[in-house]
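The values are calculated or read from the model by the stated rules, or taken from the named source; none is laboratory data. The structure presented is a predicted model; accordingly, all values stated were derived computationally and were not measured. For neighbour counting, all protein chains shown are included, and Cβ atoms are generated from backbone atoms with ideal geometry for every residue, glycine included.
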Amino acid sequence: MTAVISATDLRISYGDKERRREVVHGVSFEIAEGETLALVGESGSGKSTTAHALLGLLPEGGRVDGGRVLLGDLDISGWSDRALRGIRGPEIGLVPQDPTTSLDPVRTIGAQVEEILRLHGHRDRRARRARAIELLDRVGIDDPDLRARQYPHELSGGMRQRVLIATAIALRPRLLIADEPTSALDATVQRKVLDLLGELQREEGTSILLVTHDLGVAADRAARLVVLKDGRIVEQGSSDAVLAAPSDPYTKQLLADAPAFATGFRRPDAPPFLRDAAAVAAENPWAIVADGLVKEFRVAGRERFRAVDDVSFRVRKGTTHALVGESGSGKTTTARLITRFHQPDAGTIEVDGDDVTHAKREQLRALRRRIQLVYQNPFASLDPRQQIADIVAEPLLNFGVGGRTERRERALALLDRVSLPAEVARRTPRELSGGQRQRVAIARALAIDPDIVVLDEAVSALDVTVQARILELLTSLQAELGLTYLFISHDLAVVRRISHTVSVMRRGRIVEEGQTEDLFRDPQHDYTRELLAAVPGRTETVV
């Protein structure tokens with residue numbers, strides 16, 4: 001059978017005329033008709049560069065230096081951008097990673113889907129419009145006629161990703177390149193989008209090149225895997241064979257680090273008071289007590305929106321409690337109530353036995369020393385103009401702790417504690433990787449010795465190997481310092497690794513709660529079961 005596309009000894013570099021650096025070193029693979037092949041690897045492994053090179057869509061400074069690309073029997077190596085435009089869409093479609101940056105915010109959804117039809121010769125405006133609505137309906141967008149008249153900001157993340165899929169399949173391409181198509185989506189939305197791609201593949205016979213860092217997604221959706229590391233293929237073969245007996249150490253590490261497979265990492269042991277409540281009966285065991293929390297927001301032209309609706313939970317000292325749910329479930333708003341960045345409309349909040357529900361000024365300032373927040377995006381939460389040492393020491397400066405020399409020494413000690421080398425102190429955030437930046441954010445949170453750390457999707461944007469190292473770091477810091485964590489996440493596979501107890505949130509309410517192991521073994525609520533079923537590559541064994 002002729003391959004839909006094949007790459008042979010592909011070599012790619014970046015740079016200018018004076019200095020170039022090869023980033024993809026002799027990569028070869030092929031994709032058969034109707035097959036899904038996954039390119040798997042961390043950020044920087046070369047997987048997206050390789051995929052974009054097939055379409056001639058390398059960013060400025062990128063260049064294919066060697067190798068061949070065959071589309072069927074047609075050698076498209078060295079084709080000009082003008083020539084390649086003729087195959088983008090009709091032969092090869094692309095679903096990019098981030099719908100937020102891939103869609104034009106000032107053009108309607110319908111106009112953007114129509115654009116690819118117009119560029120490829122569809123002159124009848126009315127026919128283009130009808131086809132765009134048909135495509136939106138095809139990818140499962142409700143009320144497609146209405147959505148076609150809306151703008152990207154009026155759609156959810158999952159809907160925006162479906163719009164990109166509609167655009168990619170508009171001309172019925174033979175090959176669909178899906179570049180991290182679900183990395184920013186909740187597990188249930190991710191599952192629906194991947195199911196959609198599978199359905200389209202079965203109906204149209206389309207081949208799919210799935211680019212992902214998530215081995216669980218690759219295992220669920222691809223017949224074959226190609227594992228990339230530092231621009232080289234370290235392993236490839238059928239998904240079943242690679243997962244059953246990976247031969248390369250890097251593949252073994254990816255498998256061990258993938259949250260869904262739950263191997264190579266043991267969830268933190270339960271503290272004594274989770275096993276024997278009488279062990280602490282004589283003292284207050286609760287770090288956080290939330291009772292009946294309510295938070296509403298005004299929405300222009302509509303009734304008030306209740307984001308948090310009668311939420312109650314308790315977190316024992318020295319443990320990790322997770323708030324789990326999809327986007328819009330109310331978990332982040334709940335976290336901001338606990339940290340008192342929002343004032344609750346009803347209910348009470350106690351931190352270590354003190355009522356902080358209506359804390360003002362000095363009491364609120366004192367609370368900030370006891371409870372710290374680590375955000376999802378460390379690049380956005382770190383000042384790009386500051387050196388890392390100054391960023392870590394900033395809480396000390398804000399609270400007037402120590403002199404300049406003492407603060408710098410404390411910053412260096414904290415960087416060492418989160419396993420960052422001393423030379424990082426003189427760098428800026430843009431000089432660090434995502435995992436390093438998140439370590440800096442954690443070091444900053446620890447600067448003033450808090451009792452509680454709230455982690456709001458703190459690992460969701462990281463590759464699985466980096467994610468695993470951060471989770472290990474958090475676990476060791478908890479054991480060493482006796483920290484209490486409130487862990488906010490949409491990813492039950494990650495929660496499974498780090499939390500002792502869980503509250504599952506849906507539409508502002510807690511629908512189920514309990515110890516993590518019990519929830520995974522015997523979920524009681526349909527929504528919890530739905531979340532668990534959506535975990536890619538999930539196994540039933542809890543370790």
(message) Looking at the range 22-36, can you tell me whether even one residue there is touching a residue at least 12 places away in the same chain (Cβ under 8 Å), within 24 Å of the chain's Cα centre (by Cα) and not in a helix (DSSP H, G or I)?
(response) yes
(message) I'd like to know if the range 97-108 contains one or more residues that are in a helix (DSSP H, G or I) and without any contact (Cβ under 8 Å) to a residue 60 or more places away in the chain.
(response) yes
(message) Among the numbered criteria (1) over 30 Å from the mean Cα position of the chain (by Cα); (2) under 24 Å from Leu243 (Cα atoms), which one does Lys47 miss?
(response) (1)
(message) Just to check your reading of the model, which residue among Ile388, Ile371 is within 23 Å of Arg430 (Cα to Cα) and among the aliphatic types (A, V, I, L, M)?
(response) Ile388
(message) Go through (1) surrounded by 17 or more Cβ atoms within 10 Å (Cβ to Cβ); (2) more than 21 Å from Tyr485 (Cβ to Cβ); (3) touching a strand residue (DSSP E or B) at 6+ places or on another chain (Cβ under 8 Å) for Ala425 and report which single condition fails.
(response) (3)
(request) Count, please, the residues in the range 370-402 that happen to be β-branched (Val, Ile, Thr) and within 18 Å of Ser433 (Cβ to Cβ). (result) 4
(message) Show me the strands (runs of 3 or more DSSP E) entirely contained within the range 435-529 in which 2 or more residues are out of contact with any strand residue (DSSP E or B) (no Cβ under 9 Å at 6 or more places or on another chain) and of a type outside the set (A, V, I, L, M, F, W, C).
(response) none
(message) Of the residues Ala380, Ala359, only one is farther than 23 Å from Leu481 by Cα, loosely packed, with under 14 Cβ neighbours inside 10 Å and small (Gly, Ala, Ser); which?
(response) Ala380
(message) Here is a list: Gly121, Gly140, Gly158. Which entry is under 30 Å from Val324 (Cα atoms) and part of a loop (DSSP other than H, G, I, E, B)?
(response) Gly140
(message) If I filter the range 257-272 for residues that are surrounded by fewer than 17 Cβ atoms within 10 Å (Cβ to Cβ), of a type in the set (A, V, I, L, M) and at pLDDT below 60, do I get at least one hit?
(response) yes
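So that you can scan it fast, the table gives a plain yes or no per residue for (1) at negative phi; (2) not assigned by TED's automatic domain parsing to the domain that holds Glu480:
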site	(1), (2)
Arg306	yes, yes
Gly330	no, no
Leu373	yes, no
Asn398	yes, no
(message) Can you tell me how many residues within the range 176-202 are farther than 23 Å from Thr49 by Cα, outside any loop (DSSP other than H, G, I, E, B) and among the charged types (D, E, K, R)?
(response) 5
